[in-house]
Amino acid sequence: MRRNILAMAMVMILLIHSVYMIYGATDTSVLSEPISGVYTARTTGNAIINNLRFTDLATSHWAKEPITRLGAIEVIKGDSNGRYRPNAAVSKEEALALLIRMVGKEGEAILAAEQLAAGNATEEALKTTWSKGYMKVANSMGLITAAEYRDSIADDQTSLDPTLSFMRQNAVTREQIAKWIVEAVSTIKPDQLTPVYTQQAIFNYTDWNNMGAEFTPYIEAVTKNKIMVGNGGRFQPKSSLTRAEFAQILKNMDKTLYDSMTIDQKGGFVAAIIDSNVIDPITGTATRSFLIRNNEGKVDQLNYEYKKNAGNQIATKDTPVYQAGAVNSMLSLKEGEAVEYLVDQETKELLYVYSKGDTKPVKVTGILQPITGLDQGQITIKTKDGVLFTYPMRASLYDSVGKTVRIDGKTYTSDTAPVSASVILTLLNSIVTDINYIGTETVYSEVSGIVKDNNPAFSYITIIDWNGKEITKSYNKGKVVVEKQNYYDESDEIGYIDQMFPDFRFDDRDSNVEEIEVGDIVHLKIDPTNKDYVSAISAKTNYVVKYGTVKDIAYKGAEGANIIIGYDDLSVATYEISSGIPVLKSGKNVGLLNLLPGDVVRMLINQAVLEPGNVKETVKELIIDQYGNQVANVYKGQMSTINKQQRKVTLNNSYSLTALGWGNYAPAKAFDISAADVEYFQGGKQISLEYAEKYLTQAGIEAYVVTSEYPGTEKVEKITFREGRDSVLSPSNVTYSNGLDKLTILSESNTIAMDPGTIVIKNGKLVQAGNVIAPDYAQVILNGNSSAAIVNIEPEPNNDAISVFRGRIQSIKEGESFQVQSHAVLMDVKWIYSPIPRIYNLTSSTLIYDEDGIIPFDEFVDYSDISKADEVYTIIAEGTNASYLVKNPYATEGVKGQVYEVNESSIMIKDASVYSSATNKWTILSLSNNYAQMNTFTNSVIIKNNKVITKDELKLGDNIRIMTTEDLASKLLLNSKRDVDAYIIFVE
């Protein structure tokens, strides 16, 4: 009481003597920054504060803060004697009342109680009218049944059979509370909290088998969301819970609770306190404003108000403040206190403040990193230990639109900021309030190139710069700043590799000079005081991801192992794997000894370019693919029947996925679900087969099915049910992936969301969404607004690694090589002539064709009557190795289009365009019925993804470019014919 009198006296003094006064300021910059949000305390605040000072709740009680918090937002209340009764068991009527208040329906309960009281005005009935109003609302919400409602409003509860009836004053059980919490939230926020029908978390409780079957999906939901966590490994489903425990449970709901009540949870520290007064001879208003530097670096204003009217009546707007076990007024807040505060999203009223104690400025020193986070108001430094820290800045330190930041009072753009300079950050509650140099700004010069040698023992590094010049510089091992593969560069695919291979250390925070490898691309910053030394090294390593199958393993004890990897193109490679390399399976490091022949693996490989044509590959991490089976097909349709006995499901209106989209319609198609670990999803939530059978075998719900190849058949691996509209996007490159649940592609402007139910296929394997990286080439099927049902990643059509030449044979070294006296290289659709002779190697895999078929090596000679000297061949080569030699005509004309049919002797294309060597232009073949026929022969060559393929390996939807000898446009115009002979075919 004395505290209140002193507080009121202080306010009156402010009324009389002051118009505007800064009471205190820890961060004076808030006084000049724009206010982000203004929140004013409530007129009922003083009454709420007094009501929350429960006489039976000690300052040290473990649940005092959650009880105060829930009381401040008017979910829980005490009794008429000022007690909370924390150890009393929660009755069913109390539990329902609290949940109904939580979802904002207390007004409906009061109205219902008044209506019930009007029809039954006996003294006994009136005592319980408040409860009956809540019971009626609980029934309308579906929390209790009609029969339970009739029991609950019976005046004489003792007349009910306790084994059969719903007695409102009986203690509620923990499993019943779990169900009511989920159902109550679902009535207003259907997607916020839902029952989980695939139980996993409940099995962590030793008494899970005591749970009622009808309650388990709800217990699973509250457990997974950490709302109810049990005690000592037990959930105790049939036990009651105390009022203190229930308050803690409701607090554990956290964001779920606040979202259901349209409350924002915010945090920060009290940066300044301002008093302003409106003085009048008769009336007056005093306002104390608390300027909060919030956790986003912006400024919020919390207002306390004191008003006196002409009748000398006092009115305040106040909010409960919880401080070290006490419930106080806002006037107890001091500048420098760290606070959490709850505000009403709609009314902008301040509901509750939780003081976490005083916060003091903290000084942090480090090396300034590139300014890339201005959109989020963030700055990053690296400490002397090489650890990166990113902090939010106060708004006056940066401009997210102009991309500038203030350092030592000077404004820099993100490009001109003194990156690599030593700075001091001043932090208040982890928010940067000032940035200062240590010493003076340093200006560097730099050189860059490829590392030829790095010798930490003698502290020097040698690089070959971009002009081919060899440069050697020294460094001080203890002082040189080393950054390797900047993780913060979102345009760099290595950021996504970092998430795919989390155990491999290669980003800035892990780097030192010993990690600079031969072949790295580096930028060396020259020490301005000694040009022979470098002060900083920024390195970029050429990491690639490769997929393959382990063919053989040779273990070498402590030295590791040699493994032979087979790739999909039938090539093999041998790698030395050290014993310390992470070998992961299902997210766990299982070690090298658990790598087995036949395992499908994903490898992170460093490709070091030692010199042109000399590349050294080093495995840095290896992940064993837990799936392994090759995807056979993807289907969609409506689930018709599920036969659990025969392990079969049937889709009506079935389609299969092709490169052109959905095709191959079938009225009904049966699928085998006997494979182990078949997964079922509804949207992003995993479900059971029983749930799918009960709820999802109906029209309007699309089922997507992915199958894998098994001997003689295909079996289902995953089924996802979705209710949105299906749309097929054009195949395109992934431009961004967060390695979790979002991606963007070139052909779609919106960000595409993925979830656990999304079917992600990569290189023919079913994988998780985290495996999508830029610049994957993906066919995306959307279901709903920017939500991916399927992401099918295949090798991007690319033939850059091979070259196509024509050359006249000059000489042949039998079985080893041949030389052409001159040659031409095919660039797009043009042959570029060179008079220089060229030698090509013959390898064991080289194939030689003429019009009749394959020519054996012993017939490819430059003498006798079968001499090939002076004959002209088309040569498909990788570097100097000839893969194919084909004797076919000189093709200078071009046609391109999309494959829609493949026959024994021809390929049909649509959307045809024609290249004319006379005009050097591509034109559309026909404005109507635009198709063409490409005739193929034994000596026709089809090239896809850097290798020669057969016609059977073409897919419908492939875009192809054909080299031919005829001008198809002229042929159509003169002879009304649409076919040409195709000799060289590129899949693009």
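The values are calculated or read from the model by the stated rules, or taken from the named source; none is laboratory data. The shown structure was predicted, so the numbers you read here are calculated from the model rather than taken from an experiment. Heads up, the Cβs are rebuilt from the backbone with ideal geometry, glycines too, and the neighbour counts pull from every protein chain shown. Side chains included, ligands, DNA and RNA excluded: accessible areas come from the protein's heavy atoms. Shrake-Rupley method; radii C 1.70, N 1.55, O 1.52, S 1.80 Å.
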Rough spin-label spacing in nm, given labels placed 7 Å along Cα→Cβ, for R406 and T923: 6.5 nm
Cross-link reach list, lysines versus K551, counting only Cα pairs under 27 Å and skipping chain neighbours closer than eight places: K585, K588, K616, K620, K715, K762, K765, K944, K947
Cα centroid separation, segment 679-754 to segment 817-846 (Å): 47 Å
Within straight-line cross-link reach of K298, aspartates and glutamates at Cα separation under 17 Å, skipping those fewer than 8 residues along the same chain: D27, E33, D264, E335, E337, E340, D375, D399, D434
Estimated vicinal HN-Hα couplings, Hz - segment 655-661 in sequence order (Karplus 6.51, -1.76, 1.60; Gly, Pro = x): 10, 10, 7, 10, 5, 8, x
Peptides 240-246, 191-197 ordered by average Cβ neighbours within 10 Å, highest first: 240-246, 191-197
0 to 90° range, to nearest 10: angle between helix 174-188 axis and the chain longest Cα axis: 70 degrees
Residue-count net charge about G807 - beta-carbon cut-off 14 Å; Lys, Arg +1, Asp, Glu -1: +2
Sites E340 and L596 - FRET efficiency at Förster radius 45 Å, r taken between beta-carbons, to 0.05: 0.30
Compactness of segment 893-987 as Cα Rg over 2.2 N^0.38 Å, two decimals: 0.99
Per residue accessible area of the chain, 1.4 Å probe, in Å²: 47 Å²
Relative packing of peptides 141-149, 296-304 - highest average C-beta neighbours within 10 Å first: 296-304, 141-149
Reach of K473 by Cα under 17 Å, taken over lysines that are not fewer than 8 positions away in the same chain: K452, K525, K531
Gain in span if fully extended, A554 to V38, counting 0.36 nm per residue against the direct Cα distance: 178.9 nm
Accessible surface of segment 49-263, 1.4 Å probe, proportion on carbon and sulfur as whole %: 49 percent
Ellipsoid equivalent to the chain - semi-axes via the Cα gyration tensor, in Å: 67, 41, 26
Where GluC sites (Glu not before Pro) fall in DSSP loop in segment 655-747, at most 10 other Cβ within 10 Å: none
Sulfur and carbon atoms: percent of accessible area, segment 870-934 [1.4 Å]: 45 percent
Bins of 5 Å from zero: percent of alpha-carbon pairs in segment 362-439: 3, 17, 32, 30, 14, 3, 0
Relative packing of peptides 913-923, 352-362 - highest average C-beta neighbours within 10 Å first: 352-362, 913-923
Computed E for Q810/D415 - FRET, C-beta separation, R0 51 angstrom, nearest 0.05: 0.35
Stretch gain in nm, segment Q686-S578, where the contour uses 0.36 nm per residue and the Cα spacing is subtracted: 35.0 nm
Share of carbon and sulfur in the accessible heavy-atom surface of segment 362-439 [1.4 Å probe, %]: 49 percent
Efficiency of FRET from Cβ geometry, D465 and Q376, R₀ 30 Å, rounded to 0.05: 0.25
Extended-chain gain in nm, criterion 0.36 nm per residue less alpha-carbon gap, V861 and D952: 29.6 nm
Kirkwood-type radius of segment 242-361, with distances r between different C-alpha atoms, in Å: 15.8 Å
